[in-house]
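Q: Just passing along the structure, written as structure tokens.
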Amino acid sequence: MATRLEWTALDVALHRPAVVFLHAFPMDRRMWRPQVGALADLGIPCIALDYPGFGAAPPWPFLPTIDDYARYVLDTLERLGVPQAVYVGLSMGGYVALALYRQAPDRFRGLVLADTRATADTEGARERRFQLIEATRRARSVDPLVEAHIDKLFTPRTRAERPGVVQEAERLMRMASPVGAIQALWAMADRPDSTGLLPRMNFPVLVVVGAEDPVTPPAEAQAMAECIPQADLVVLPEAAHLANMEQPEAFNEALRKYLARVL
């Protein structure tokens, strides 16, 4: 467990609500360093974990569904004694968070949906995932994933002026297991439409999106927020898909204001 929960304040997180960070594909828990560090300074208990096949966690011994990822998170929180949480999910992390809500709505103190969508994949998106699965199998590495994703994660300005941020994201991507990445691609392609869950959320929800996100653009974030009774939408300027890494100060400010309402 210790290898899976780096940057987690276990002494404070046990038996009380916590903020649970759910990472994007094909990243791992370390993408949340800017957020975990900022909240730890405020004494807010944080949990950042790897999905199987990413970071320090070995791949699944079977082909998982998105609900399996959600159960994995719930099992982790059970072991830690965390009764409720504010879940912060970015991209695939948002898919996992919505699957969590489908399974255990009573475990939610709050929810942050960042650069993600509630709808299922279109046929075109599913086909692209299947092509990436085949390319990853042939390469026996995550090189095809890096090539397909890296230019979409950050704005052209960030790629030109802050190459260190891009290099760190690429470093994390290359640490993913090819098997784990293939499993996640299958799970995302097969995930159900979760739009019907949004009107049921009876607590404040924060929706965050990069203004220049080409993967899940602001129009999709707005449509999602309009379905949630108590949603606030924050659009971060000069940010693409990994808004939390590209604009950490602005992301953290929105997160702090939201947590002040729900924790």
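Q: Looking at the stretch 205-263 only, could you name the residues that are in a helix (DSSP H, G or I), out of contact with any helix residue (DSSP H, G or I) (no Cβ under 7 Å at 6 or more places or on another chain), among the charged types (D, E, K, R) and farther than 11 Å from THR116 by Cα?
A: GLU226, GLU249, GLU253, ARG256, LYS257, ARG261
Q: Can you find even one residue in the stretch 128-150 that is surrounded by 13 or more Cβ atoms within 10 Å (Cβ to Cβ), in contact with a His (Cβ under 9 Å, 6 or more places away or on another chain) and under 30 Å from ALA231 (Cα atoms)?
A: There is at least one residue in the stretch 128-150 that is surrounded by 13 or more Cβ atoms within 10 Å (Cβ to Cβ), in contact with a His (Cβ under 9 Å, 6 or more places away or on another chain) and under 30 Å from ALA231 (Cα atoms).
Q: Next question. Please work out which residue is nearest to VAL208 (Cα to Cα), limiting yourself to the stretch 20-40 and to residues that are surrounded by fewer than 20 Cβ atoms within 10 Å (Cβ to Cβ) and free of Cβ contacts under 8 Å to residues at least 40 places away in the same chain.
A: Ranking the candidates gives ARG33 first.
Q: I'd like the full set of residues that are farther than 15 Å from PRO214 by Cα and either aliphatic (A, V, I, L, M) or touching a Ser or Thr at 6+ places or on another chain (Cβ under 8 Å) (or both), limited to the stretch 119-142.
A: Residues satisfying the conditions are THR119, ALA120, LEU132, ILE133, ALA135, ALA139, VAL142.
Q: Taking the stretch 65-90 only, how many residues are closer than 16 Å to LEU255 by Cβ and small (Gly, Ala, Ser)?
A: 2
Q: Quick one: is GLN35 farther than 17 Å from ARG256 by Cβ and among the polar types (S, T, N, Q)?
A: no
Q: May I ask you to say which residue of ALA254, ALA243, ALA239 is without any contact (Cβ under 8 Å) to a residue 60 or more places away in the chain, among the aliphatic types (A, V, I, L, M) and out of contact with any Cys (no Cβ under 6 Å at 6 or more places or on another chain)?
A: Exactly one residue qualifies, and that residue is ALA254.
Q: Also, quick follow-up: Within the stretch 158-184, which residues are free of Cβ contacts under 8 Å to residues at least 24 places away in the same chain and buried (at least 19 other Cβ atoms within 10 Å of the Cβ)?
A: Once the filter is applied, which keeps residues that are free of Cβ contacts under 8 Å to residues at least 24 places away in the same chain and buried (at least 19 other Cβ atoms within 10 Å of the Cβ), the stretch 158-184 yields only VAL166.
Q: Oh, and also: Within the stretch 176-188, which residues are within 17 Å of the chain's Cα centre (by Cα) and not in a helix (DSSP H, G or I)?
A: Answer for the stretch 176-188, where residues must be within 17 Å of the chain's Cα centre (by Cα) and not in a helix (DSSP H, G or I): just ALA176.
Q: For ARG107, are the conditions met, namely being basic (Lys, Arg) and surrounded by 19 or more Cβ atoms within 10 Å (Cβ to Cβ)?
A: Yes, satisfied.
Q: If you don't mind, another one. For VAL209, indicate whether it is closer than 19 Å to PHE25 by Cα, surrounded by 22 or more Cβ atoms within 10 Å (Cβ to Cβ) and either modelled with pLDDT of 95 or more or hydroxyl-bearing (Ser, Thr, Tyr) (or both).
A: yes
Q: Exactly one of these conditions fails for ALA169: (1) hydrophobic (A, V, I, L, M, F, W, C); (2) outside any helix (DSSP H, G or I); (3) more than 21 Å from ALA120 (Cβ to Cβ). Give me its number.
A: Of the numbered conditions (1) hydrophobic (A, V, I, L, M, F, W, C); (2) outside any helix (DSSP H, G or I); (3) more than 21 Å from ALA120 (Cβ to Cβ), the odd one out for ALA169 is (2).
Q: For GLU147, indicate whether it is farther than 28 Å from PRO64 by Cβ and out of contact with any helix residue (DSSP H, G or I) (no Cβ under 8 Å at 6 or more places or on another chain).
A: In short, no.
Q: For the stretch 222-236, name all the residues that are without any contact (Cβ under 8 Å) to a residue 24 or more places away in the chain and surrounded by 17 or more Cβ atoms within 10 Å (Cβ to Cβ).
A: Listed by number, the list holds a single entry, ALA225.
Q: A follow-up question, please. Of the conditions (1) touching a Lys or Arg at 6+ places or on another chain (Cβ under 8 Å); (2) among the charged types (D, E, K, R); (3) not in a helix (DSSP H, G or I), ARG191 satisfies every one except a single condition; which number is it?
A: Against the list (1) touching a Lys or Arg at 6+ places or on another chain (Cβ under 8 Å); (2) among the charged types (D, E, K, R); (3) not in a helix (DSSP H, G or I), ARG191 comes up short only on (1).
The values are calculated or read from the model by the stated rules, or taken from the named source; none is laboratory data. Fair warning: this is a prediction, and the values are worked out from it, not measured in the lab. As a convention, Cβ positions derive from the backbone with ideal geometry for all residues, glycine included, and neighbour counts pool all protein chains shown.
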